[in-house]
Every structure is written in C-alpha cells, then in structure tokens.
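Structure first, then comments.
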Amino acid sequence: MSNTEIKEQQPAPDFILPAVGSDDAVKNGQIHLQDLKGRAVVLYFYPKDDTPGCTKEACSFRDANHEIQKQGIAVLGVSADSVDSHKKFAEKYGLPFPLLSDTDATVSRLYGAYGEKSMLGKKYMGIYRSTFLIDRNGTVRKVWPKVKPDNHANEVLSTIEALQL
C-alpha cells in the first residue's frame with residue numbers, strides 16, 4: 001500500500017485499530033473512526049512510545065486535554081508500537097486519551113504519515129510526526145504535516161477555537 005496525501009476539506013479515511021485507553025470510544029479494545037462521527041477528532045501520528053520528542057508531544061496533549069475535552073473533542077494518538085507498549089507509555093505519563101496501535105503502518109500510510117526518514121545519515125521507514133483535525137462530519141479541517149512536538153497541542157487548541165469546532 002502506498003502513501004496517500006490527505007488534504008484539508010477531504011473526508012477522513014475510516015479505519016479500525018487496536019487501542020488502549022479509558023475513553024468511551026474504545027470498544028472491545030478497538031477504535032473505529034466511524035463511531036466518532038458527531039464528535040471532532042484530533043488524530044496525531046507519532047514515531048515511537050517513550051522517546052523524547054514523542055513524550056513531549058503526548059504530554060503536551062495530556063496537559064491540554066481538559067480544554068480539548070471541554071469542547072467534546074477526542075484526541076487519538078497513533079504509532080506502530082504494540083498495545084502493550086502503549087499501555088506502559090500511557091500509564092507512565094498519565095495519558096488520558098486513547099493510543100492506537102498501527103503495527104503494520106496501514107493507517108499511517110492511508111493518511112500519508114509513513115515513509116522514508118533519515119537519522120545520522122541512515123535511511124529507514126517510519127511514521128512522520130503529523131496531525132489531522134477532523135470535524136464532527138468526518139471532514140479533515142486542518143493538516144499539520146511536520147509537527148514540532150514542544151507546543152503542538154496549544155497550536156491545535158488555537159486552531160480548534162479559530163475554526164469553532
């Protein structure tokens with residue numbers, strides 16, 4: 001499966017993934033995006049549990065979660081890590097939102113969030129840090145293709161307010 005580029009104002013591609021979390025959206029250990037219609041969604045893709053940048057980003061969403069939840073918006077984090085890894089990561093940092101396990105990167109590819117990366121001159125395949133803001137009707141309203149993890153949740157929150165989602 002090749003990468004697709006998801007653009008703003010396009011319908012968000014539907015998916016079902018294994019998930020951990022206490023949110024009502026997790027049913028039988030899974031999240032089905034279609035089940036969240038009627039609720040806006042922040043869908044963020046990140047490379048790996050418990051690494052410095054991904055921890056900063058997750059904790060940023062954790063800290064902004066109360067404000068995001070007040071507006072009825074679901075936050076979903078997606079990486080290729082296992083459900084067990086997600087459980088440890090969520091418990092270690094008190095993450096109050098579901099983490100989805102995309103171990104074969106099918107959904108990451110579907111959203112254009114997977115491809116060739118390089119670090120220290122070595123090339124490898126992996127998940128790009130990117131975020132999609134999906135409205136209550138299932139339409140992608142904002143795409144952040146290259147996310148800086150530090151203050152990203154506040155940037156998303158500002159956009160939610162600006163778009164009145």
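The values are calculated or read from the model by the stated rules, or taken from the named source; none is laboratory data. Because the structure is predicted, anything quoted here is derived from the model rather than measured. When we count neighbours, we look across all protein chains shown, and the Cβ atoms used for this are built from the backbone with ideal geometry, even at glycine. Just so you know, the surface numbers come from the protein's heavy atoms only, side chains and all, with ligands and any DNA or RNA stripped out. Shrake-Rupley method; radii C 1.70, N 1.55, O 1.52, S 1.80 Å.
Structural remarks
- Beta bridges per DSSP with both ends in the chain, % antiparallel, nearest 5: 75
- Label zone of K70 (point 7 Å out along Cα→Cβ, amide N under 17 Å): in the range 137-161 this covers 153-161.
- Between S60, S118, S85, the GNM of the chain built on Cα springs shorter than 10 angstrom shows S118 fluctuating the most.
- If R0 is taken as 30 Å, the Cβ-Cβ distance between H32 and D150 corresponds to a FRET efficiency of 0.45.
- Straight-line reach from K48: taking Cα to Cα under 16 Å and skipping same-chain neighbours fewer than 8 places apart, the lysines in range are K56, K87, K88, K92, K117, K146, K148.
- Relative contact order (%) - the range 56-165, alpha-carbon pairs under 8 angstrom, separation at least six: 27
- Mean silhouette area of the range 21-108, derived from the convex hull of its C-alpha atoms and averaged over all directions, reads 5.3 nm².
- Here, the range 29-165 is characterised by an Rg to Rh ratio of 0.94, where Rg is the alpha-carbon radius of gyration and Rh the Kirkwood radius.
- Between S82 and E8, the contour length at 0.36 nm per residue exceeds the alpha carbon distance by 23.7 nm.
- Per residue, the solvent-accessible area of the chain (1.4 Å probe, heavy atoms of protein chains only, all protein chains present) comes to 50 Å².
- Summarising the overall dimensions of the range 75-127 from its C-alpha atoms, the Rg and Dmax are 12.6, 36 angstrom.
- Given 11 as the ceiling on other Cβ atoms within 10 Å, longest exposed-site-free region of the chain for GluC sites (Glu not before Pro) in DSSP loops: 9-165
- Whole-percent carbon and sulfur share, accessible surface of the range 13-89, 1.4 Å: 49
- Once backbone amide H atoms are built at 1.01 Å from N, Q30 has A19 as its partners under 5 Å, excluding neighbours fewer than 5 places away on the same chain.
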